[in-house]
Amino acid sequence: MSKPSRTRDLTTGPIARTLLAFALPVLGANVLQSLNGSINAIWVGRFLGESALTATSNANLVLFLILGTVFGIGMAATILVAQSVGAHDLQKARRIVGTSATFFLGVSILFAVCGWIWVDAILNLLGTPADALPLARSYLRIIFLAVPMMNLLAFVMTVLRGAGDSRTPFVFMALAVLLDVVLNPVLIAGIGPFPELGIAGSATATLIGQTISAVTILIVLYARAHPLRLAGADLALLRPNPALLRLVIVKGIPMGLQMIVISAAALTVMGLVNSYGSRVAAAYGIAAQLWTYVQMPALAVGAAVSSMAAQNIGAGRWDRIGRITASGVGFNLVLTGMLVSALYVFDRPVLGLFLTGDSAAIDIAAHINNVASWSFILFGITIVLFATVRATGAVMPPLIILVISVLLVRTTFAYAFQGVLGQDALWWSFPAGSITSLLLAVAYYRFGRWRSLHMIDRPAAGLAPDTGFGMPRERANLAGEVLPAER
């Protein structure tokens, strides 16, 4: 007999404990994903040198931009699934999965094909240093081949989190990372019977790991008869429903644009960094690797807040939303604060993992961290506030805030103060953007009209059918009243 699907009802129980239990596997998956990138960077830096490391840094920014374009669709689907599960409407959740999956995969394939064709134009537009351009081209072309499977795996994991399951995504992220980390040195250096592929071997390892993990997670979910799987007559739900597709696109595009705004700002800064040469570019690439770890708690808590808030909104439990947000902010302050403190203390030993101990790039990277790292505590609070308001369908205000703070304030600061601060203008632009985004996010959370929004029909009175997630009928809450178990 197949094991039951791991799911969690996020509309009942102690808020802080439930949020933490849900967020920890998300954090674990983020740790593994970032560790994967860092270990791969170590292999590339050790085997192939600074030019190859610069090539992967530039290529990964392009990849982040591509993933950002479909991120919004996945987030919109996740919120809709979570609200439907909270409202005990499993059939609607499956319709959302079917429509979103077809559109998501189609867009991913389109990006993969276009990226393969125009890889040189993309890298030239980025201003990739000449010594790194051939390496970046070889790496990025294979990464483009991996994009559909990477997006498929990401889509399945986000939908599962919307349904209250954060453990299964962690397991299959671990599988993808394990395969990638093991295969990277083997394919780069041609160890044993494997060919020596150089930097292309690093990308090929990613392709293999993502593909195997994406296929395996689907096999396991079908073997477990997951409530959201599409089988039999439900396969017809893969034909996009126009109304649902319109909703997913209308809500998803602004969320995807948020990632694109962040990516565009990063690409702008990267272009400025590249103008200072490969050494500074390599130092910035290393610092950016460490920043992914610093931001992981906020991203994990934000994802948990979004899923938990969306389920409670679907169930009409508005009395819990403020406490969910407060818990998320508290966890972010503690966890991100601890990581920032550790980074200040141990930055040089960690930086030495990427490049030789006498490399001047280490001094530059340490300085970058000292200037900018603390600002991610502030940006983490912004992420949690955005997660709450997005769970209701309020997607435009966070986008506008990011355009102002990240794209306008950060990039304008970086350009405008180069004459005064030199390279430091690039690093100080991060605190400038974070302070702006926090002030605007707090203002919207306090005074905005996001509480009046919703993405699915409001719950009606009466008992809902069993959702298939182990929620007993007697605990169904369809009118916002206090549940019997919590009176």
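The values are calculated or read from the model by the stated rules, or taken from the named source; none is laboratory data. Since the structure is predicted, the reported quantities are computational estimates derived from the model, not experimental observations. Don't worry about glycine lacking a Cβ; one is built from the backbone with ideal geometry, like all the others, and counts go over all protein chains shown. Ligands, DNA and RNA are stripped out before the accessible areas are found, and what is left, the full protein with its side chains, is counted by its heavy atoms. Shrake-Rupley method; radii C 1.70, N 1.55, O 1.52, S 1.80 Å.
Test Leu235 against the criterion of being open to solvent by 40 Å² or more (accessible area, probe 1.4 Å) and modelled with pLDDT under 85, and give yes or no. Answer is no for this residue.
Residues in segment 375-388 that are surrounded by fewer than 24 Cβ atoms within 10 Å (Cβ to Cβ) and touching a Pro at 6+ places or on another chain (Cβ under 7 Å): 1 in all. Condition check: aliphatic (A, V, I, L, M), free of Cβ contacts under 8 Å to residues at least 12 places away in the same chain and open to solvent by 30 Å² or more (accessible area, probe 1.4 Å). Does Val403 satisfy that? Against the criterion (aliphatic (A, V, I, L, M), free of Cβ contacts under 8 Å to residues at least 12 places away in the same chain and open to solvent by 30 Å² or more (accessible area, probe 1.4 Å)), Val403 does not qualify. Scanning segment 286-316 for residues that are open to solvent by 10 Å² or more (accessible area, probe 1.4 Å) and more than 18 Å from the chain's Cα centre (by Cα) yields a single hit, Gly316. Only one entry of Tyr276, Tyr284 meets the criterion of being part of a loop (DSSP other than H, G, I, E, B) and not aliphatic (A, V, I, L, M), and that entry is Tyr276.
Taking residues in segment 315-343 that are over 18 Å from Leu290 (Cα atoms) and in contact (Cβ under 8 Å) with a residue 24 or more places away in the chain, and partners anywhere that are among the aromatic types (Phe, Trp, Tyr) and part of a helix (DSSP H, G or I), the pairs with Cβ atoms closer than 8 Å and at least 6 places apart or on different chains are Thr325/Tyr445.
Within segment 335-345, identify whether any single residue is at pLDDT below 85, surrounded by 19 or more Cβ atoms within 10 Å (Cβ to Cβ), among the hydroxyl-bearing types (Ser, Thr, Tyr) and more than 29 Å from Arg161 (Cα to Cα), and answer yes or no. The answer is no, given that none of the residues of segment 335-345 is at pLDDT below 85, surrounded by 19 or more Cβ atoms within 10 Å (Cβ to Cβ), among the hydroxyl-bearing types (Ser, Thr, Tyr) and more than 29 Å from Arg161 (Cα to Cα). If the condition is being open to solvent by 20 Å² or more (accessible area, probe 1.4 Å) and hydrophobic (A, V, I, L, M, F, W, C), then segment 241-265 contributes Ala243, Leu244, Leu245, Leu247, Ile249, Val250, Ile253, Leu257, Met259, Ile260, Ile262, Ala264.
Pick from Val119, Val147: which is open to solvent by less than 40 Å² (accessible area, probe 1.4 Å), farther than 26 Å from Asp234 by Cβ and free of Cβ contacts under 8 Å to residues at least 40 places away in the same chain? Spell out how you get there, then give the answer.
Working: Val147 fails: free of Cβ contacts under 8 Å to residues at least 40 places away in the same chain.
When all the criteria are applied, what remains is Val119.
The residues of segment 132-144 that are surrounded by fewer than 23 Cβ atoms within 10 Å (Cβ to Cβ) and aliphatic (A, V, I, L, M), listed by number, are Leu133, Ile142.
Only a single criterion out of (1) at pLDDT below 90; (2) open to solvent by 70 Å² or more (accessible area, probe 1.4 Å) is not satisfied by Ile456, namely (2). It is to be established whether one or more residues within segment 9-16 are at pLDDT 75 or above and assigned to a helix (DSSP H, G or I). Within segment 9-16 (the criterion being at pLDDT 75 or above and assigned to a helix (DSSP H, G or I)), the answer is yes, since at least one residue qualifies. Apart from one condition, Leu408 fits all of (1) of a type outside the set (Ser, Thr, Tyr); (2) farther than 20 Å from Trp374 by Cβ; (3) crowded, with 20+ Cβ neighbours inside 10 Å; the exception is (3). Against the conditions (1) in a helix (DSSP H, G or I); (2) open to solvent by 10 Å² or more (accessible area, probe 1.4 Å), Gly328 satisfies every one except (2).
Consider segment 158-215 and keep the residues that are closer than 20 Å to Leu48 by Cα and assigned to a loop (DSSP other than H, G, I, E, B). The one that is most open to solvent (accessible area, probe 1.4 Å) is Glu196.
So which residues in segment 315-325 are part of a helix (DSSP H, G or I) and not charged (D, E, K, R)?
Going through segment 315-325, the residues part of a helix (DSSP H, G or I) turn out to be 318-325.
Matches in segment 315-325: Trp318, Ile321, Gly322, Ile324, Thr325.
Looking at this structure, is Ala223 in contact (Cβ under 8 Å) with a residue 60 or more places away in the chain and surrounded by 19 or more Cβ atoms within 10 Å (Cβ to Cβ)? When the stated conditions are applied, Ala223 does not pass them.
Modelled with pLDDT of 85 or more, in contact with a Lys or Arg (Cβ under 6 Å, 6 or more places away or on another chain), open to solvent by less than 10 Å² (accessible area, probe 1.4 Å) and of a type in the set (Ser, Thr, Tyr): which single residue out of Ser84, Ser100 fits that description? Outline the logic, then answer.
Working: Ser100 fails: in contact with a Lys or Arg (Cβ under 6 Å, 6 or more places away or on another chain).
None of the other options fit; the residue is Ser84.
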